[in-house]
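Beneath this line is the structure, given in structure tokens, with notes to follow.
None of the figures in this text is laboratory data; all of them are computed from the coordinates on show. For clarity, every value in this text was computed on a predicted model and none was experimentally measured. Cβ: placed from backbone, ideal geometry, glycine included. Neighbour counts: every protein chain shown.
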Amino acid sequence: MSRRVRTLAAFDSTLEALRYVNAISEEESTQWREKMWRAIGVGPPEAGESGTVQLAYLGEGEPPRSERIDLVPQYPRKVTGPSEALEAFGGCLRVVDVEYDDSVTVIRWQIAPTPDVDAPFPELTAALEEDITPGTSSHAENLRLDWLGSSLRINLEAVRGAPVH
């Protein structure tokens, strides 16, 4: 994995963490992300249609050309799932059917009602809640300032190609 990709991945993960704890807004996150794209020498990907994912080539040089291959499924098969649902943690999961062939697997399932996802790990849930609940009003601001210092150092390293101390 290239330095550019590692830098961008770390930066993006940090932005998502800050968004998760509401330390920055979605607009600020977008602005910082665009600044990072420019800092690593790549323009930000164009916005796509709602529900789509835009990919960007981060390697060196020109992106490799892809050959279009029309895949025709071989050995298609469909298996109907059991009629009874699996109950766990207050919810029910039922596998309706599974379709598969040599190139893809599709699993159709239903969940109703939704299980309590915190029930299997009450200690971890309590610890996570404690971690993301600010102890003081300055908690989010301290997190933001720590992140800004780290991201600026990462930006300089990405541009210069050497660690900054």
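Things to note:
- Working from Cα pairs under 8 Å separated by at least six residues, relative contact order for the range 71-113 is 38 percent.
- The calculated pair-distance distribution of the range 71-113 uses every alpha carbon pair, bins of 5 angstrom beginning at 0, and gives 6, 22, 23, 17, 13, 10, 7, 3, 0 percent.
- Distance between the range 104-132 and the range 1-75 - C-alpha centres, whole angstrom: 27
- Contour minus Cα-Cα distance for D97 and E27 (0.36 nm per residue): 21.1 nm
- Long-range tail of P(r) for the range 12-91 (Cα pairs > 17 Å, %): 72
- Label positions at S83 and A112, each projected 7 Å from the Cα along the C-beta direction, are separated by 1.7 nm.
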